[in-house]
Each structure stands twice: as structure tokens, then as C-alpha cells.
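Peer 1: Below is a structure I'd like to ask you about.
The values are calculated or read from the model by the stated rules, or taken from the named source; none is laboratory data. Predicted model only: the values in this text are computed from it and were never measured. Using ideal geometry, Cβ is built from the backbone for each residue, glycine included, and neighbour counts are taken over all protein chains shown.
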Amino acid sequence: MTQHEIPTETIFETQRLRLRMLNAEDARFYLRLVNDPSFIDNIRDKGIRTIAEAEIAIQTGHRDVQLRMGFSLYLVERKVDQRAIGLCGLVKRDDLSGIDIGYAYLPEFGRQGFAYEANQGLLHYAKNTLHLQELLAIVSPHNLASCQLLEKLEFQFQKNIELKVGDVVKLFQRKL
């Protein structure tokens with residue numbers, strides 16, 4: 001199935017934001033986001049260095065996942081100017097028992113309530129559209145801003161877990 005067979009549909013909207021499927025035209029934004037130092041420090045280095053690699057990642061890591069799982073990470077854009085500011089959505093990792101939320105924003109859009117607003121919409125979508133009963137979240141121990149955001153979203157810290165050898169993260173859970 002080609003990328004053009006899945007529309008770049010809006011998944012849901014909030015007061016200021018629209019969350020939609022990514023497409024090849026988002027590759028420049030995606031490349032910038034995944035190479036931002038805060039993304040690499042708090043999430044990981046995906047090794048994506050070119051527009052072509054970003055286009056492939058969008059297809060295989062987002063659009064194909066949407067087809068297979070019925071959810072993925074979505075582009076977050078401001079309604080006022082359609083500017084892409086981050087990613088927010090759901091992830092099913094092989095090494096976690098449930099579905100977890102994921103999000104990342106360009107640094108210039110931090111501390112403006114966008115992550116909270118998008119994740120509030122995501123919680124509503126997960127409960128009312130996908131009919132999920134709980135969500136997980138994993139966070140690097142040093143990422144205090146994400147820990148605070150999860151607590152504000154009423155996630156409860158469960159424990160520290162080791163996803164891969166030497167990769168310890170904080171595990172949070174929230175009933176929907």
C-alpha cells in the first residue's frame with residue numbers, strides 16, 4: 001500500500017491544536033525534530049539524517065503502524081497557522097505489556113501548554129474512540145518536565161524498569 005492511499009486525516013482536534021497523520025511533506029519537520037538535541041537526549045538518536053530517511057521513517061514508523069495497529073504517533077500542528085510543532089500519539093512497544101503514550105515537541109514550543117493540551121485530547125481519543133482502559137508512559141529519569149506533565153495528566157509512577165541493558169526508564173500508568 002502506498003503512502004497516498006492513507007489520507008492525511010485529522011485524528012482529533014483540541015482548542016488550539018490539530019493532530020493528524022504524518023505524510024511525506026512533513027519530512028523536513030520530522031528530520032528537524034528527531035535531530036534536536038533534547039529529542040536525542042530524552043528519547044533516542046534514531047539515526048535519521050536525510051529527508052529521504054525521514055520519509056521512510058514516516059511511512060514505516062507511522063503510516064504503516066497506523067494501518068496495522070489502528071493508532072500511531074501523530075503530527076501536532078497549531079490551528080492558527082498550521083505550523084507543525086511536535087508529535088503526540090500511541091505506541092505499542094514489544095517490551096511493554098500495554099500501549100504507551102509518546103510525545104516530542106520542538107523546543108521553541110515548550111512551556112506553552114501544547115503538550116498538556118494534545119495529551120488531554122489523546123486521553124479522550126484513547127478512551128472514547130479506541131476504547132482503551134489504561135495507558136502506560138515511559139520517561140528517562142532525568143526528564144523532569146515529562147515526569148511533571150505525566151503527573152499533571154494523572155499518570156501514576158509505578159516503578160523504574162530496564163527496557164534494554166543499561167536503559168532504565170520510569171514507568172507510569174493511568175486508568176482511563
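Peer 1: Which condition number does Phe157 fail, the rest of (1) closer than 15 Å to Ile43 by Cα; (2) free of Cβ contacts under 8 Å to residues at least 60 places away in the same chain; (3) of a type outside the set (Asp, Glu) being met?
Peer 2: Exception for Phe157: condition (1).
Peer 1: What's the total number of residues in the range 23-45 that are in a loop (DSSP other than H, G, I, E, B) and either at pLDDT below 95 or of a type in the set (Val, Ile, Thr) (or both)?
Peer 2: Of the residues in the range 23-45, the ones in a loop (DSSP other than H, G, I, E, B) are 23, 35-36, 43-45.
Right, trim to either at pLDDT below 95 or of a type in the set (Val, Ile, Thr) (or both) and you get 23, 43-45.
So the answer is 4.
Peer 1: Also, I was wondering about something else. What tally of residues in the range 125-168 results from selecting those that are under 15 Å from Gly102 (Cα atoms) and touching a helix residue (DSSP H, G or I) at 6+ places or on another chain (Cβ under 8 Å)?
Peer 2: If we filter the range 125-168 for residues that are under 15 Å from Gly102 (Cα atoms), which is where we start, we get 125-126, 134-140, 143, 145-151, 153, 155.
Now narrow it down to the ones that are touching a helix residue (DSSP H, G or I) at 6+ places or on another chain (Cβ under 8 Å): 135, 137, 139-140, 143, 146, 149, 153.
Count: 8.
Peer 1: What number goes with the only condition from (1) closer than 13 Å to Phe29 by Cβ; (2) loosely packed, with under 15 Cβ neighbours inside 10 Å; (3) in contact with a strand residue (DSSP E or B) (Cβ under 6 Å, 6 or more places away or on another chain) that Gln82 does not pass?
Peer 2: (3)
Peer 1: Would you check which residues across the range 104-123 are of a type outside the set (Phe, Trp, Tyr), within 14 Å of Leu17 (Cα to Cα) and touching a residue at least 40 places away in the same chain (Cβ under 8 Å) and list them?
Peer 2: Selection gives Glu117, Ala118, Gln120, Gly121, Leu122.
Peer 1: I want to confirm something. Restricting to the range 136-149 and keeping residues that are more than 13 Å from the chain's Cα centre (by Cα) and at pLDDT 95 or above, which single residue is surrounded by the fewest Cβ atoms within 10 Å (Cβ to Cβ)?
Peer 2: Within the range 136-149, the first condition is being more than 13 Å from the chain's Cα centre (by Cα), and the residues that meet it are 140-145, 147-149.
Restricting the remaining residues to those that are at pLDDT 95 or above gives 147-149.
Working: Cys147: 18, Gln148: 12, Leu149: 17.
That would be Gln148.
Peer 1: Also, quick follow-up: Go through (1) in contact with a Gly (Cβ under 6 Å, 6 or more places away or on another chain); (2) in a loop (DSSP other than H, G, I, E, B) and name the single condition Ala104 misses.
Peer 2: Of the numbered conditions (1) in contact with a Gly (Cβ under 6 Å, 6 or more places away or on another chain); (2) in a loop (DSSP other than H, G, I, E, B), the odd one out for Ala104 is (2).
Peer 1: Which ones in the range 10-40 are out of contact with any Asp or Glu (no Cβ under 9 Å at 6 or more places or on another chain), touching a residue at least 60 places away in the same chain (Cβ under 8 Å) and either surrounded by fewer than 20 Cβ atoms within 10 Å (Cβ to Cβ) or among the small types (Gly, Ala, Ser) (or both)?
Peer 2: Ile11, Phe12, Glu13, Arg32, Asp36, Ser38, listed by residue number.
Peer 1: Please state which one of Leu132, Leu122 is under 26 Å from Lys164 (Cβ atoms), at pLDDT 95 or above and in a loop (DSSP other than H, G, I, E, B). Lay out the reasoning, then the answer.
Peer 2: Numbers: Leu122 fails: in a loop (DSSP other than H, G, I, E, B).
After applying the criteria, what remains is Leu132.
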